[in-house]
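Reading through the structure tokens given below for one structure.
Readers should treat all values here as calculations from the given coordinates under stated rules, not as data from a laboratory. Small disclaimer: the values here were computed from a predicted structure and weren't measured. Cβ atoms come from the backbone with ideal geometry, glycine included; neighbour counts cover every protein chain shown.
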């Protein structure tokens, strides 16, 4: 985990990358942008993302989706948006995009967010 901007100390960013679909989650509340940045530990060729949101019991239910977000990757000098939505109504959002080589990604959300898990899909590089 490289960087996190949220305002709920008990609901840390590490919960969103622990591989568990349960009550552990990252929570950000209030107006404005919130983000979670993930260091992939190596340059990877990524091609998709799965974002799972929900309540404290790990349930994906209406009212907990990330309605407005951008999934971005670091291009060496700035952030490139690879997937985004302004009216998402899914608690589990899966997006695919052209393969992109990066070592860092981030999810930027707007407004209240309850992120249970984020999974980045990687292509094997030869």
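If each residue of separation counts as 0.36 nm, what is the full-extension length gain between residue 75 and residue 20 once their alpha-carbon separation is subtracted? It would help to have the intermediate numbers written out before the result.
Working: separation 55, 0.36 × 55 = 19.80 nm, distance 2.87 nm.
In short, 16.9 nm is gained.
In what sequence, highest mean first, do 96-108, 72-84 appear when ranked by Cβ atoms within 10 angstrom?
Details: 96-108: 16.8, 72-84: 14.8.
The packing order, highest mean first, is 96-108, 72-84.
Between residue 123 and residue 33, what FRET efficiency comes out of the Förster formula 1/(1 + (r/R0)^6) with R0 = 25 Å and r the beta carbon distance, rounded to 0.05?
Values: r = 29 Å, r/R0 = 1.16.
Working from the Cβ atoms, E equals 0.30.
Where in segment 25-46 is the amide nitrogen less than 12 Å from a point lying 7 Å along the Cα-to-Cβ axis of residue 112?
28-31
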